[in-house]
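What follows is one structure encoded as structure tokens, with my remarks underneath.
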Amino acid sequence: MQILIIDDDRDMCLALCDLLKEEGHNTLTAYNGKNGLRTIDENQPDLIFLDYKLPDIDGIKVKEEIKKIDKNTIELDARVYINDLNDEFELNLPENEDYDTIGGFVFSHLGYIPKTAETFKYENLKFTIISAEARRIKRMRIQKSFT
């Protein structure tokens with residue numbers, strides 16, 4: 001698992017890196033929000049530790065940037081819960097007892113695990129698979145369209 005630590009406290013970053021490396025994880029560090037966003041964009045980490053008090057951009061703004069590309073586009077991990085996604089981004093994706101995550105919804109809707117770069121539409125939403133493996137979807141982009 002690749003883990004990004006965004007924290008302006010270098011000692012905290014090093015301590016977390018050491019601990020995570022001992023557990024077999026790859027780590028990346030960024031010491032401010034701008035570098036953190038760049039690192040996210042370039043490396044697509046599996047997990048992010050984020051300090052909310054950063055010197056240039058506060059952690060809340062960094063969190064918003066991670067998910068929201070523009071007012072109609074979000075990029076997210078496939079493990080995000082449908083109800084959280086619906087609430088936070090004012091979507092109306094169906095909830096079902098067969099799945100509870102956006103990745104589960106995609107699999108249920110398509111009937112298979114899509115490949116990286118595959119796209120499909122559901123109502124007024126365009127889904128683009130950013131990263132997928134043989135047995136799971138990792139990341140995707142959802143874009144609202146008004147046509």
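Bear in mind these aren't lab numbers, they're just calculated from the coordinates by the rules spelled out. Computed from a prediction, not measured in an experiment: that's the story for all the values here. We place every Cβ from the backbone using ideal geometry, glycine too, and count neighbours over all the protein chains shown.
Listing for the model above:
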| quantity | calculated |
| --- | --- |
| Lys, Arg +1 and Asp, Glu -1 on Cβ, resulting dipole of the stretch 71-144 about Cα centre, debye, nearest 20 | 540 debye |
| The stretch 71-144, relative contact order in percent, only Cα pairs under 8 angstrom and at least six apart counted | 34 percent |
| Among (1) 15.0; (2) 10.3; (3) 9.6, the entry that matches mean projected area of the Cα convex hull in nm² as calculated here | (3) |
| Whole-Å distance, taken between Cα centres, linking the stretch 97-145 and the stretch 1-64 | 26 Å |
